[in-house]
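Each remark here refers to the structure printed beneath this line.
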Amino acid sequence: NMSFKKEPVTLKIILIGDSGVGKSSVMNRYVNHRSTNMYRAMIGTDFLSKTVTIDKDTVTLQIWDTAGTERFQSLGPLLYRGAHCCMLVFDVTSKASFSALDVWRKEFLFQAEPQDPADFPFIVVGNKTDLSDREVSRGKALQWCEEIGAEYFEGSAKEDLDVEKPFLRAALSGLWQY
Ligand code: GDP
């Protein structure tokens, strides 16, 4: 009696944004919080993987933190291509990191060359909400997200606040493409 296994679903999620906004912190917090399986890749970029169950689907999220791309510029297209979702991360205490997301987003679309750029799922994440010297309001972030058709989440990797939500949303938007 044979059992047929469905092909495992792997979703590639890319985290981009200015250096220091907390990309690796967010990723590590999410993956290690309830870690199932994780490992680090050997090239300049870090990627962690985490298996989650959504409804009855088991999905492996392959989460790429592109902190290394400043050093490995030529890897950009390689890293971005085949992504199912892009997380644009900024620091809510840095207006500059928020403004920079527009360029990050364009750069991503340019390098990833998704089939349908207008419908590509972007998720915007405002990190460091634990800090009091906030420069970007929730309303301002939501307004831009509405303009570009992205979803907005905010939280704190440091305080482990609302870190999971954007990843689950990313998993859902990725599954939808399968
Ligand atoms: P990356 O360059 O975007 O990967 O940023 P890192 O994850 O290396 O974080 C940059 C700095 O911000 C580090 O000193 C972190 O400890 C700090 N950091 C990251 N997330 C938070 C957060 O939610 N709140 C606060 N207060 N600091 C954070």
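The values are calculated or read from the model by the stated rules, or taken from the named source; none is laboratory data. Remember, it's a predicted structure, so these values are computed and weren't measured experimentally. For neighbour counting, all protein chains shown are included, and Cβ atoms are generated from backbone atoms with ideal geometry for every residue, glycine included.
Does any residue of the range 135-143 turn out to be in a loop (DSSP other than H, G, I, E, B) and of a type in the set (Lys, Arg)? Full working, then the answer.
As a first pass, look at the range 135-143 and keep what is in a loop (DSSP other than H, G, I, E, B): 135-137.
With the extra rule that they be of a type in the set (Lys, Arg), the set shrinks to none.
No, because not a single residue in the range 135-143 is in a loop (DSSP other than H, G, I, E, B) and of a type in the set (Lys, Arg).
Pull up the range 130-151, narrow it to residues that are over 21 Å from Asn32 (Cβ atoms) and within 16 Å of the ligand (Cβ to nearest atom), then point me to the one that is surrounded by the fewest Cβ atoms within 10 Å (Cβ to Cβ). If you could, list the steps in order and put the result at the bottom.
We begin by selecting, within the range 130-151, every residue over 21 Å from Asn32 (Cβ atoms); these are 131-151.
Pick out the ones that are also within 16 Å of the ligand (Cβ to nearest atom) and you get 131-136, 138, 141.
Working: Leu131: 15, Ser132: 6, Asp133: 8, Arg134: 15, Glu135: 15, Val136: 20, Arg138: 13, Ala141: 21.
Of everything passing the filter in the range 130-151, Ser132 is surrounded by the fewest Cβ atoms within 10 Å (Cβ to Cβ).
Are there any pairs, at least 6 apart or on different chains, whose C-beta atoms fall under 6 Å, with the first in the range 68-94 and on the phi < 0 side of the Ramachandran plot and the second of a type in the set (Gly, Ala, Ser) and modelled with pLDDT under 70, and if so, which?
Gly68/Gly44; Thr69/Gly76; Arg71/Gly44; Phe72/Gly44
Just need a number here: residues in the range 152-178 that are within 16 Å of the ligand (Cβ to nearest atom), basic (Lys, Arg) and in contact with a strand residue (DSSP E or B) (Cβ under 7 Å, 6 or more places away or on another chain).
The qualifying residues number 1.
Could you check how many residues of the range 102-129 are over 15 Å from the mean Cα position of the chain (by Cα), of a type outside the set (Val, Ile, Thr) and within 13 Å of the ligand (Cβ to nearest atom)?
Of the residues in the range 102-129, 1 are over 15 Å from the mean Cα position of the chain (by Cα), of a type outside the set (Val, Ile, Thr) and within 13 Å of the ligand (Cβ to nearest atom).
I want to confirm something. Restricting to the range 77-101 and keeping residues that are assigned to a helix (DSSP H, G or I) and within 16 Å of the chain's Cα centre (by Cα), which single residue is modelled with the lowest pLDDT?
Initial filter on the range 77-101 (assigned to a helix (DSSP H, G or I)): 77-80, 95-99, 101.
Now restrict to residues that are within 16 Å of the chain's Cα centre (by Cα): 79-80, 97-98, 101.
On the way: Leu79: 81, Tyr80: 88, Ser97: 97, Phe98: 98, Leu101: 97.
Checking each candidate, the answer is Leu79.
Do we find that Ser74 is of a type in the set (Gly, Ala, Ser), at pLDDT below 90 and away from the ligand (no atom under 16 Å from the Cβ) in this structure? Write out each step before concluding.
Values: of a type in the set (Gly, Ala, Ser): yes; at pLDDT below 90: yes; away from the ligand (no atom under 16 Å from the Cβ): yes.
Yes.
Being within 18 Å of Leu61 (Cα to Cα) and among the acidic types (Asp, Glu) narrows it down to one of Glu146, Glu151, Glu135, Glu164, so name that one. Show your work before the answer.
Working: Glu146 fails: within 18 Å of Leu61 (Cα to Cα); Glu151 fails: within 18 Å of Leu61 (Cα to Cα); Glu135 fails: within 18 Å of Leu61 (Cα to Cα).
It is Glu164.
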